[in-house]
Amino acid sequence: MEREDNPWDEHAILLRDSQRRKCGYIPANENVIFARLMDAGKLLKAKVVEKDVREGKSRRPQNRHWYKIRVEVYLVDF
């Protein structure tokens, strides 16, 4: 999870996998508290708990499938 400078969502949180590939975002209607915690220096981790493959309508083969994922967010306490 990392904060992202985003003109459409001031609390945007980008999700990346373990290989640093972009996976998506925490939904805007759920990201405010997480963003405030991260801005205060707290470390949050997300765990994928559900993944569903969806069909797209793109002409480009690499964009024909996408995933709907559900994550659980955890506060890492040292």
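Readers should treat all values here as calculations from the given coordinates under stated rules, not as data from a laboratory. Note that the structure is a prediction, hence the values are computed from the model and not measured. Every residue, glycine as well, gets a Cβ built from its backbone with ideal geometry; the counts of neighbours run over all protein chains shown.
Numbers below:
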quantity	calculated
Burial ranking of peptide ranges 26-32, 9-15, 36-42 (average Cβ count within 10 Å, highest at the top)	9-15, 26-32, 36-42
Interchain or long-range residues, amide H under 5 Å from CYS23's placed H	LEU15, ARG16, ASP17
Cβ-placed point charges (K, R +1; D, E -1), dipole of the stretch 2-76 about Cα centre in debye, nearest 20	500
Contour excess over end-to-end distance, with Cα ends at CYS23 and VAL48 and 0.36 nm allotted per residue	8.0 nm
Length-normalised contact order for the stretch 2-76 - Cα pairs under 8 Å, 6+ apart - percent	23
Given charges at Cβ of Lys, Arg, Asp, Glu: the chain dipole, positive-most of GLY24, ASN6, LEU75	GLY24
Under the Karplus curve 6.51 cos²θ - 1.76 cosθ + 1.60, θ = phi - 60°, whole-Hz ³J(HN,Hα) for the stretch 43-55, x wherever Gly or Pro sits	9, 10, 10, 10, 10, 6, 10, 7, 9, 10, 7, 10, 8
Cα gyration tensor of the stretch 2-76 - equivalent ellipsoid semi-axes, whole Å, descending	25, 14, 11
Per-pair calculated FRET efficiency, R0 = 22 Å: LEU75 and GLU10 via Cβ, rounded to 0.05	0.55
Lysine pairs in the chain with Cα atoms under 18 Å, if 8 or more residues apart or on separate chains	7
